[in-house]
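Notes for the one structure printed next.
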């Protein structure tokens with residue numbers, strides 16, 4: 001259900017609300033949701049400017065910065081970080097939570113650069129690997145930078161409670177899931193099977209952590225979005241990269257993806273539905289092009305299955321309120337409140 005100004009005007013025209021009540025309600029909702037990211041010009045400019053600044057100090061940093069040396073890079077990162085924190089305070093004082101969160105994320109992104117500069121200054125990067133490789137190459141030696149980033153982000157999140165600051169945390173956790181395998185295989189033999197397992201279990205742990213955050217912050221802003229996103233990416237990527245040598249394994253993969261779709265619908269988290277839908281499509285493609293490639297009946301059976309799913313959707317719509325009420329009555333109160341807040 002979409003609630004917008006036109007809907008309130010229609011309610012006023014139908015006599016449900018007076019014109020003054022509709023206008024007052026719209027002003028209340030606008031004020032209440034001013035810190036919720038939406039597709040509007042101001043928010044687009046906030047995120048565009050923020051991502052340009054964040055990218056400049058991370059993904060788009062060129063080799064010319066290496067000329068400053070380790071101590072120079074560290075000084076620049078600390079100076080930028082101090083200015084960023086002052087900007088966060090400035091924006092919060094003016095009740096601009098969204099750009100304040102973006103500025104806070106910018107400060108968190110500077111932590112790896114500061115730690116890298118310190119390490120170079122101490123002579124710990126004798127091979128001369130540039131900082132820009134942090135975002136493009138897997139290396140277990142990045143772990144110190146990643147752990148420092150998580151520690152700094154935890155402190156800043158405790159101080160400011162701004163949801164977008166979780167974004168660099170989620171990215172860093174994703175990086176750790178990739179850099180952990182070389183750390184566990186110091187002999188240089190990058191075991192791809194181990195990479196898949198680490199990605200799968202690390203992603204599952206991140207998604208469960210996101211669920212815990214979701215429940216804990218159910219009455220607040222959405223702190224779990226980025227954790228869900230990168231947790232699902234890591235889990236689904238590891239799962240999809242695994243080799244299923246028999247049809248039972250492939251069918252299990254299909255069932256897991258269907259479960260992801262169900263979880264996404266229950267939690268109102270689209271990322272589960274998107275990746276679950278992709279995985280289910282991959283399995284159906286496998287059936288069509290490999291298992292039943294010469295079968296005339298398969299397209300008809302798949303069509304019938306699709307119509308059955310649509311019919312189940314119709315039945316669900318007719319009985320949704322009763323089913324949802326019964327299911328939610330069995331849930332713990334914190335989980336019930338979280339679902340009510342997200343739907």
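Structure values in brief
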{"read-out": "Per-residue [θ]222 nm for the chain (sum of -39500 (n - 2.57) over DSSP H runs n ≥ 4, rounded to 500)", "value": "-24500 deg cm²/dmol"}
{"read-out": "For the stretch 39-161, convex hull volume per residue from C-alpha positions, Å³", "value": "108"}
{"read-out": "Packing-based order for 334-340, 116-122, 311-317, using average beta carbon neighbours within 10 Å, highest first", "value": "116-122, 334-340, 311-317"}
{"read-out": "Between the stretch 229-249 and the stretch 256-292, the alpha-carbon center distance in angstrom", "value": "11"}
{"read-out": "Length-normalised contact order for the chain - Cα pairs under 8 Å, 6+ apart - percent", "value": "11"}
{"read-out": "Ranked list, fewest to most other Cβ atoms within 10 Å of each Cβ, for 293, 196", "value": "293, 196"}
{"read-out": "Footprinting exposure proxy for 245, 286, 137 (fewest neighbouring C-beta atoms within 10 Å first)", "value": "245, 137, 286"}
{"read-out": "Extension gain (nm, one decimal) between residue 322 and residue 208, 0.36 nm per residue minus Cα-Cα", "value": "38.2 nm"}
{"read-out": "Pairwise FRET efficiency - residue 93 versus residue 71, Cβ, R0 = 22 Å, nearest 0.05", "value": "0.10"}
{"read-out": "Efficiency of FRET from Cβ geometry, residue 44 and residue 155, R₀ 41 Å, rounded to 0.05", "value": "0.85"}
{"read-out": "Least to most buried among 244, 18 (fewest other Cβ within 10 Å first)", "value": "18, 244"}
{"read-out": "Gaussian network model of the chain, Cα within-10 Å springs - most flexible of 126, 152, 77", "value": "126"}
{"read-out": "For the stretch 67-123: rounded, prolate or oblate by the Cα gyration tensor [a/c cutoff 1.5]", "value": "prolate"}
{"read-out": "Extension reserve of the residue 193-residue 138 stretch, reckoned as 0.36 nm per residue once the Cα distance is removed", "value": "18.2 nm"}
{"read-out": "Alpha carbon convex hull of the chain, volume per residue in cubic angstrom", "value": "195"}
{"read-out": "Whole-Å semi-axes of the ellipsoid equivalent to the stretch 301-342 (Cα gyration tensor, √5λ, descending)", "value": "29, 11, 8"}
{"read-out": "Estimated FRET transfer efficiency when R0 is 41 angstrom, pair residue 220-residue 293 (beta carbons, to 0.05)", "value": "0.20"}
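Quick note: the coordinates plus some simple rules give every number you see, no bench work behind them. Bear in mind the structure is a predicted one, so any value in this text is a computation, not a measurement. So basically every Cβ, Gly included, is an ideal-geometry build from the backbone, and we count neighbours across all protein chains shown.
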